[in-house]
1. Report, by residue number, each residue of region 149-160 that is in a helix (DSSP H, G or I), farther than 19 Å from Tyr132 by Cα and not β-branched (Val, Ile, Thr).
2. Mind checking whether some residue in region 60-82 is charged (D, E, K, R), at pLDDT below 95 and buried (at least 19 other Cβ atoms within 10 Å of the Cβ)?
3. Could you grab me the full set of residues in region 13-41 that are surrounded by fewer than 15 Cβ atoms within 10 Å (Cβ to Cβ) and touching a residue at least 60 places away in the same chain (Cβ under 8 Å)?
4. Hey, Ile137 hits all of (1) under 21 Å from the mean Cα position of the chain (by Cα); (2) at pLDDT 85 or above; (3) in a helix (DSSP H, G or I); (4) not assigned by TED's automatic domain parsing to the domain that holds Tyr158 but one; which does it fall short on?
5. Within region 60-89, which residues are among the aliphatic types (A, V, I, L, M) and either closer than 18 Å to Asn45 by Cβ or in contact with a helix residue (DSSP H, G or I) (Cβ under 7 Å, 6 or more places away or on another chain) (or both)?
6. Quick one: which residue in Glu173, Glu130, Glu163, Glu115 is in a helix (DSSP H, G or I), at pLDDT below 80, under 20 Å from the mean Cα position of the chain (by Cα) and not assigned by TED's automatic domain parsing to the domain that holds Asp53?
7. When the residues of region 59-97 are filtered to those that are small (Gly, Ala, Ser) and part of a helix (DSSP H, G or I), which remaining residue is farthest from the chain's Cα centre (by Cα)?
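The values are calculated or read from the model by the stated rules, or taken from the named source; none is laboratory data. Only a predicted model underlies this, so the values are computations on that prediction, with no experimental measurement involved. Note: ideal-geometry Cβ built from the backbone for every residue, glycine included; neighbour counts use all protein chains shown.
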Amino acid sequence: MSFFSLQTLLPPTDFNESELVKQVATGDEKAFEILFKHYAQRLINFARRFVFDTTIAENFVQDVFLKVWANREQLDPEKSFKTYLFTAVRNQALHHLRHLEVERRSEENIDLFPEPIKTPEQELSEKEVEEYIRQAIGELPEKCQLIFYMNRFDQLTYTQIAEVQNISIKTVETQMGRALKYLRQRLHQFMMVLPF
């Protein structure tokens, strides 16, 4: 039976990561379930940016949480559990992609954000605005795109992104600065509705 259902992906109302990690380390299944519910959907969305397949993304997240439970006694509540999860899922995704590349024996470029298909309509709808924004984000260099998504949509801090991507905080700041500057110029007509 899959870990994933609509009910299990609803986030809890009260959440204290460090305290929950302490409880999981002692074998508390309820605390583990709360952590899972809190992070699962965000991690699935994150993984899908690498593999574009919900089932595969869910499997990555499920595997990561199974490993967390299996090694729960080694958890350190002083370290960011969120950063650990995103790093572990990223590593799973990259390993999967490397495996696919070997199988295909090609130099195929893996595009993290394929260009969305625009549907012609006479009036600009909310959906079209979202498509336009997504398209603009898709024009950013891959590294820039991923960092932007991790910060604005996955809500990772610059420090957490630096840890997950194994880069310096300065690099994260530079990439985010470039992304925001480009998007503000590119999407100036939508400035009133932009979330950045």
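1. Residues of region 149-160 in a helix (DSSP H, G or I): 149-152, 158-160.
Still in the list and also farther than 19 Å from Tyr132 by Cα: 150-151, 158-160.
Hits for region 149-160 are Met150, Asn151, Tyr158, Gln160.
2. Keep residues of region 60-82 that are charged (D, E, K, R), which gives 63, 67, 72-73, 76, 78-79, 82.
Next, only the ones that are at pLDDT below 95 stay: 63, 67, 72-73, 76, 78-79, 82.
Of the ones still in play, those that are also buried (at least 19 other Cβ atoms within 10 Å of the Cβ) are 82.
Looking for residues that are charged (D, E, K, R), at pLDDT below 95 and buried (at least 19 other Cβ atoms within 10 Å of the Cβ), one finds at least one in region 60-82, hence yes.
3. Ser18 - this is the single residue of region 13-41 that is surrounded by fewer than 15 Cβ atoms within 10 Å (Cβ to Cβ) and touching a residue at least 60 places away in the same chain (Cβ under 8 Å).
4. (4)
5. Looking only at region 60-89, we keep the residues that are among the aliphatic types (A, V, I, L, M), and these are 61, 64, 66, 68, 70, 75, 85, 88-89.
Matches in region 60-89: Val61, Val64, Leu75, Leu85, Ala88, Val89.
6. Details: Glu173 fails: at pLDDT below 80; Glu163 fails: at pLDDT below 80; Glu115 fails: in a helix (DSSP H, G or I).
After applying the criteria, what remains is Glu130.
7. Within region 59-97, the first condition is being small (Gly, Ala, Ser), and the residues that meet it are 70, 80, 88, 93.
Now narrow it down to the ones that are part of a helix (DSSP H, G or I): 70, 88, 93.
Details: Ala70: 23, Ala88: 11, Ala93: 11 Å.
The extreme case among them is Ala70.
Yes/no per residue for (1) out of contact with any Lys or Arg (no Cβ under 8 Å at 6 or more places or on another chain); (2) outside the structural domain of Gly138 (by TED's automatic domain parsing); (3) closer than 26 Å to Glu78 by Cβ:
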| site | (1), (2), (3) |
| --- | --- |
| Lys22 | yes, yes, yes |
| Asp28 | yes, yes, yes |
| Ile34 | yes, yes, yes |
| His38 | yes, yes, yes |
| Arg49 | yes, yes, no |
| Thr54 | no, yes, no |
| Asn59 | yes, yes, no |
